[in-house]
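Structure first, commentary second.
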Amino acid sequence: MGLKAKAVMDAGQLVSDDILLGMLEDRLTQDDAKAGFILDGYPRNLAQADALDQLLAKIGQPLDAVVKLKVPGETIIGRCEIRFKAEGRADDNPDTVRKRLAIYAEQTAPVADFYSRRGKLQVVDGVGELGEVTARVKQALRNESVAANG
């Protein structure tokens with residue numbers, strides 16, 4: 001990670017899309033990423049999704065699948081509230097979580113439609129024990145691999 005990006009993150013700010021794309025390109029072109037990689041929480045908006053498509057085309061790395069974990073908003077708020085009471089993390093405050101969910105609905109939810117139209121979206125039930133959800137994600141990725149390879 002570059003010093004500029006680290007300084008921005010240390011200040012609690014979001015890294016610009018240009019810096020982030022540069023970091024992604026540097027990382028995804030390393031040998032250990034050639035066999036595949038997982039991006040968690042990115043892209044967060046349509047501009048980033050489009051930029052990611054362009055980057056992947058540039059480096060010759062196709063996008064196989066996008067997994068969306070489906071969890072009701074009230075379940076997310078409840079989980080965060082438990083953590084907030086136990087750990088006191090400001091970002092787990094229920095009011096803060098509700099604001100983040102509203103931002104998600106406005107900016108990030110359209111990304112799922114973007115990938116759905118391309119036949120890349122796998123929606124997975126994200127409620128349950130870690131092992132159960134992990135098994136569902138793995139099955140969705142196996143299903144995507146079979147569909148992609150005919």
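Derivation of every value follows stated rules applied to the coordinates shown; laboratory data play no part. What you see is a predicted model; the values in this text were computed from it and never measured. We place every Cβ from the backbone using ideal geometry, glycine too, and count neighbours over all the protein chains shown.
Cross-link partners for K34 among the aspartates and glutamates, with Cα-Cα distance under 20 Å and sequence neighbours closer than 8 places in the same chain left out: E25, D26, D53, D64, E144.
The spacing between region 20-38 and region 63-95, judged by their C-alpha centroids, is 27 Å.
Per-residue ellipticity at 222 nm, computed for the chain from helices alone with -39500 (n - 2.57) per DSSP H run of at least four residues, works out to -18000 deg cm²/dmol. Amide H contacts for D125 (H built 1.01 Å from N in the peptide plane; partners 5 or more residues away or on another chain; cut-off under 5 Å): K70.
Think of each Lys and Arg Cβ as +1 and each Asp and Glu Cβ as -1; about the Cα centre, that makes the dipole of the chain roughly 200 debye.
Along the axis of the charge dipole computed for the chain (Cβ charges of +1 for Lys and Arg, -1 for Asp and Glu, origin at the Cα centre), the listed residues A90, N143, L46 are led at the positive end by N143. With the simple model of a label 7 Å out from the Cα in the direction of the Cβ, R100 to A135 spans 2.8 nm.
The alpha-carbon of K70 sits under 17 angstrom from the alpha-carbons of these aspartates and glutamates, leaving out residues fewer than 8 places away in its chain: D40, E106, D113, D125, E129, E132.
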